[in-house]
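Contents: one structure, followed by commentary.
The values are calculated or read from the model by the stated rules, or taken from the named source; none is laboratory data. Note that the structure is predicted; figures quoted are calculated from it, not measured. Because the Cβ atoms are built from the backbone with ideal geometry, glycine has one as well, and the counts that use them run over all protein chains shown. Side chains included, ligands, DNA and RNA excluded: accessible areas come from the protein's heavy atoms. Shrake-Rupley method; radii C 1.70, N 1.55, O 1.52, S 1.80 Å.
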Amino acid sequence: MLETIEARAERLGPLGPWVVAALLTVCTGSAPDHPSPSQPAARQELPGSLTLVGHEPLLDRGMNAGLAVWNGFAYVGSRTDGSKGHPHAGVLVVNIHDPAHAKVVGEIGPPDEGNPSETARELRVWPSAHLLLVLNFRCDPLIHDCDGGPMEPTIRFYDIRGKRAAMPVLVSTYHPLRQPHEFFLWQDPNDPGRALLFLSTPGNFGVDLLVTDISTAREGVFREVASWSTAFPAPGPNDDLHSLSVSPDGTRAYLAFLTAGFFILDTSDVSKGLPAPAIHLVTPLTNRVQWPGPGPHSAVKIPGRDVVLTTDEVYGGIGPDEGCPWGWVHLIDVSNESDPQVVSEYRVAPYNELVYCDEVSGQRNVGSSFSSHNPTVTKDLALVTWHSAGLQLFSTSDPARPTQLAAFVPEPLGSVATEDPALSSGPDRVVMWSYPIIQDGLIYVVDIRNGLYALEYHGPFEDEVASTGFLEGNSNLSDGS
């Protein structure tokens, strides 16, 4: 049975020798209130601010997952399943026409979503096709509080045209030959009717990346057009492709390959639609970028610049690579794609500093996480969900010196129907998780425990947010590419 990425991340052991890139600088951001069990710290004055515009607690269900936004509606998946009496374990539909008064108006439930053993983890909207995509795979009984029985992974396609946006209708289902964990939605910039999914398929021996043409999704026809595998000797215990992003023109893929590191692929044949397309390494595997710990979780290129931002995700735990100081951001110079180099780190102080770990024990170390997770970037700004440290917004204008500009840590709900066993079972009740999405100048983001938030940013480079109609970190469908 395939073990999930999260479960393996929780038990990572010693990773052995590493080729560690030289770091020119380490920049730390300020912390929310109460950074340690013993001594709270005052907030630092920051040059920018994230202001709460609206909040939808999503029926106080907890265990929220991926986010998609389109045409006045938001769609939010679930990390748990429909077993054990979990309420509203399907995909919630939220009316955000008035973001200050966002409201759940529907749910895609059984038999389409919210079934036992499945988690509706990743969501995207393909606007030109008026389709909502929902990736479902087997949830883990230990860290997702679910049934955990066998289930076939699926990507379901829902019609959201017109009035159906409030009541999505299932039109087709794709059954991948291998189990995906995450995917990047790429729309051909020269043909809005053509779209590809780049799927990470961890744990499938022989294939790490699967590319599927979904152009005929409404007819229920899906073509798996290419695949790729590293075929290198495993340097660590968790050598899986966790996530990736693809350049707007489709010629490059930026891989977050966990303990195997960060490197770049040439996907030009795929983007051109050539028959039997080949995928090639751009970065020789001997030059891949690695560092201690679980390795890169997500990787996105900063638009218009030769810099890639990666995040590391670290859960709580008691092993040598688990718990405090959790995980953070690396900025990587890719001006020489064959030899990328780390130029800086961005951490949140004090949580991501080793000296802080002396104060951490018990449930905070095991049942909480102050780790980076999912990034969305503009030319000079990075918006990163940072689990219990909330939403972090920092400048990358000087990639050697990333600088915190603003942070948002919400007030936790008093209680939720289902606590996340791995991420909110400790004293920290904030778990920012989704890729942030900018829609009409507002930032939408989902907290696993506390729901959907709409935020407004003011500060340095604010025009990069205010003037953006749409931007997300997991597709090329954006104004910021």
Review point. Mind checking which pairs have a first residue in segment 303-318 that is within 13 Å of Pro399 (Cβ to Cβ) and a second that is among the aromatic types (Phe, Trp, Tyr) and buried (at least 20 other Cβ atoms within 10 Å of the Cβ), Cβ under 6 Å, 6 or more apart or different chains?
Key: Val308/Tyr254; Thr310/Phe262
Exercise for review: State whether one or more residues within segment 138-160 are of a type in the set (Lys, Arg), farther than 30 Å from Asp440 by Cβ and crowded, with 20+ Cβ neighbours inside 10 Å.
Suggested key: yes
Exercise for review: Restricting attention to segment 448-463, report how many residues are within 23 Å of Leu477 (Cα to Cα) and surrounded by 20 or more Cβ atoms within 10 Å (Cβ to Cβ).
Suggested key: 5
Check your understanding: Quick one: how many residues across segment 316-372 are among the aromatic types (Phe, Trp, Tyr) and assigned to a loop (DSSP other than H, G, I, E, B)?
Key -> 4
Check your understanding: Applying the selection to segment 381-439, what residues are β-branched (Val, Ile, Thr) and either closer than 20 Å to Gly66 by Cβ or assigned to a loop (DSSP other than H, G, I, E, B) (or both)?
Key -> Val384, Thr385, Thr396, Val409, Val416, Thr418, Val430, Val431, Ile437, Ile438
Study note, to complete from the structure: In segment 457-481, residues that are part of a loop (DSSP other than H, G, I, E, B) and aliphatic (A, V, I, L, M) total 1
Point to revise | Count - residues of segment 248-299 that are under 17 Å from Glu345 (Cα atoms) and of a type in the set (A, V, I, L, M, F, W, C) | key: 6
Review point. From Asn450, Asn374, which residue is among the polar types (S, T, N, Q) and within 23 Å of Pro296 (Cα to Cα)?
Key: Asn374
Check your understanding: Got at least one residue in segment 419-440 being at positive phi and either of a type in the set (Ser, Thr, Tyr) or open to solvent by 10 Å² or more (accessible area, probe 1.4 Å) (or both)?
Key -> yes
Check your understanding: Got at least one residue in segment 80-100 being surrounded by fewer than 15 Cβ atoms within 10 Å (Cβ to Cβ), under 19 Å from Leu413 (Cβ atoms), of a type in the set (Gly, Ala, Ser) and at pLDDT 95 or above?
Key -> yes
Review point. Any idea which residue in segment 221-245 is modelled with the highest pLDDT, counting only those that are touching a Ser or Thr at 6+ places or on another chain (Cβ under 6 Å), open to solvent by 10 Å² or more (accessible area, probe 1.4 Å) and assigned to a loop (DSSP other than H, G, I, E, B)?
Key: Phe222
Practice item. Return the pairs, sorted by first residue and then second, in which the second residue is not in a strand (DSSP E or B), the first residue lies in segment 277-299 and is of a type in the set (A, V, I, L, M, F, W, C), the beta carbons are less than 6 Å apart, and the residues are 6+ apart or on different chains. Key: Ala278/Asp269; Ile279/Thr267; Val282/Glu337; Leu285/Phe232; Val289/Ala21; Val289/Gly261; Val289/Pro340
Point to revise | Single residue of segment 364-382 satisfying the filter (surrounded by fewer than 22 Cβ atoms within 10 Å (Cβ to Cβ) and in contact with a Ser or Thr (Cβ under 7 Å, 6 or more places away or on another chain)) that is farthest from Leu309 (Cα to Cα) | key: Gly367
Practice item. Could you check how many residues of segment 322-355 are open to solvent by less than 40 Å² (accessible area, probe 1.4 Å), among the acidic types (Asp, Glu) and over 30 Å from Asp266 (Cβ atoms)? Key: 1
Practice item. Please enumerate the residues belonging to segment 246-286 that are farther than 17 Å from Arg194 by Cα, within 22 Å of the chain's Cα centre (by Cα) and not in a strand (DSSP E or B). Key: Phe257, Leu258, Thr259, Ala260, Gly261
Study note, to complete from the structure: The residue that is surrounded by the most Cβ atoms within 10 Å (Cβ to Cβ), considering only those in segment 246-293 that are among the charged types (D, E, K, R) and touching a Ser or Thr at 6+ places or on another chain (Cβ under 8 Å), is Arg252
Exercise for review: Can you tell me which residue among Thr385, Thr403, Thr378 is in contact (Cβ under 8 Å) with a residue 12 or more places away in the chain and over 20 Å from the mean Cα position of the chain (by Cα)?
Suggested key: Thr403
Exercise for review: Those residues that are in contact (Cβ under 8 Å) with a residue 40 or more places away in the chain, small (Gly, Ala, Ser) and closer than 20 Å to Val171 by Cβ, I need them from segment 75-114; list them, please.
Suggested key: Gly77, Gly106
Practice item. Report yes if Asp60 is open to solvent by 50 Å² or more (accessible area, probe 1.4 Å) and among the acidic types (Asp, Glu), otherwise no. Key: yes
